[in-house]
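Quick notes on the structure that follows.
Just so it is clear, none of the values below were taken in a lab; they were calculated from the coordinates. None of these values were measured; they are calculated from a predicted model. Glycine gets a Cβ as well: all are built from the backbone with ideal geometry, and neighbour counts include every protein chain shown.
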Amino acid sequence: MPDRHTPQKYLKKTVQVLRDEGVRSFGVKSLRKIADVVERSGKKSAFIKKKKFTSIVDRRDVMLADWAASPHVNRKSKHRPLKVTNWIISPPAGGGGHQNMFRFIEHLDKNGFQNNIYLYSALDPMPTGEARANVAKYATLSNTKFFNYKRGSKLADADALFATGWETAYPVFNEKTNAKKFYFVQDFEPYFYSIGTEYILAENTYRFGFHGITAGNWLSKKLAAEYGMKCDAYDFGAEKGIYKFSNESVRKEVFFYARPVTERRAFDLGIMTLEIFHKLHPDYTINLAGWDVSTYDVPFPYVNHKALRIEQLPGLYNKCAVGLVLSLTNMSLLPLELLSCGVIPVVNDGANNHDVSNNPYILYSEPSPVSLAKAMSDVVERKNTQRYAKKAAKSTASASWEGAKEKFMAVLERELYV
């Protein structure tokens, strides 16, 4: 019988992983691996005859964007406010980046704005119905429409046009529109790649002349200092209705945000840290969540929670005394969510993290396994850990997303209208 495991089926499976997990760089690497395997096999294939440009950005959009000779100049709108925003985004799945983005889109929606979402993908388009259903799992929208982005088709008239991930900045740059162009920046995305084409293509987008609205101060400072980009930053928050302190007893468990497919989450560094911690405190249960790690050789006993739904997280967090959260680019949203549940976060030190939150209950440590494991030990060896956990939870009382949403709206009002 003929081999039914065709390259096309492998491609479809890879794209499905990309959608389900929302890991764009992982999807690109998977596509390249498929191409390399097919090429090495020596078999004739209709799937690939020559290596192609495989990226999350359409190469035609890159070649149209003459930002060096003709940079975009943002001006305040002189027309009557339409209260309409256009967003060009990658296909939304369950990733934290999309959830955070739609937190602000939902706020616009509730405040009388019409939002138009244009789905952009150079790899595999997502039907608008599927995108709408995915977003409905974490955002309630009544005045927001979804479209597939088509080069050359006119976008709806709007006050503002938002780029989101770096690949969307190219079509935003190329759009001829009266809308003011913004860049909703959640991380320094060149760091997602090794030095090469995609690194430089991502980095170039910060020179386009858009007004940046960034997740935290580290990004705002970095983009302003290194690229001359005008930015405003919003502070991180935690959903108070979800993340609550509910366990005042002694906690004998720890948590690690384990994402081996996301290199900036430093999975191997975390595993080495936990191996040392386990030898010091073998009586503590180690919980790994964020990805299915059953195929990895983890050198200590652990509970594999895989990818949990948001509503499952507070129960797990409230069992834990300490949480290890590593981020080598912009800070994760997890530290404040953990703190709200009474978990002391141990985070690798660096401007990318401490410039985002100066909460005194976040324990910053040098990024070495020994230092991180010692910091975790310091937490569990502290006297009166229950009382300390309760104080830590109270420290996040003012860290709500409402303040971030108000800042976002204030920036729009200031930048959009004369």
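In the set (1) 20; (2) 30; (3) 23, which value of percent of Cα pairs over 36 Å apart was calculated from the structure you see?
(2)
Under a plain spin-label model, where a point goes 7 Å from the Cα along Cα-to-Cβ, how far apart in nm are I200 and K51?
Modelled inter-label distance: 1.6 nm.
Starting from the 7 Å offset along Cα-to-Cβ, what nm value, one decimal, do you get for the label separation of Y296 and N74?
It works out to 3.7 nm between the two label points.
Within segment 275-308, name every residue whose backbone N is under 19 Å away from a label modeled 7 Å from Cα of V261 along the Cβ vector.
The answer is 288-298, 304-308.
Take V261, V411, V254 and order them by how many other Cβ atoms sit within 10 Å, fewest up front.
Working: V261 15, V411 18, V254 27.
So the ranking, lowest neighbour count to highest, is V261, V411, V254.
Can you give me the angle between helix 369-380 and the longest principal axis of the chain, using Cα atoms only, in degrees from 0 to 90, rounded to the nearest 10?
Tilt of helix 369-380: around 60 degrees.
Where does each of I105, I310 land when they are ranked from fewest to most other beta-carbon atoms within 10 angstrom?
Values: I105 22, I310 15.
So the ranking, lowest neighbour count to highest, is I310, I105.
Order 114-127, 57-70, 340-353 from most to least packed using the mean count of other Cβ atoms within 10 Å. Could you put the intermediate results ahead of the total?
Numbers: 114-127: 19.8, 57-70: 14.4, 340-353: 23.9.
Ranked by mean Cβ neighbours within 10 Å, highest first: 340-353, 114-127, 57-70.
On a 0 to 90 degree scale, rounded to 10, what angle separates helix 401-416 from the longest Cα axis of the chain?
Taking the Cα atoms of the chain, the angle to 401-416 is about 20 degrees.
Can you pull the percent of Cα pairs in segment 296-418 with separation above 22 Å?
Values: 3337 of 7503 pairs.
So the portion of pairs separated by more than 22 Å is 44 percent.
If we count other beta carbons within 10 Å of each Cβ, what is the order of T385, T164, fewest first? Write out the running numbers ahead of the final one.
Working: T385 17, T164 23.
Lowest to highest Cβ neighbour count: T385, T164.
Under the rule of -39500 (n - 2.57) per DSSP H run of 4 or more residues, summed and divided by the residues of the chain, what mean residue ellipticity at 222 nm is obtained, to the nearest 500 deg cm²/dmol?
Details: 15 runs with 159 residues, N = 418.
Calculated at 222 nm, the ellipticity per residue is -11500 deg cm²/dmol.
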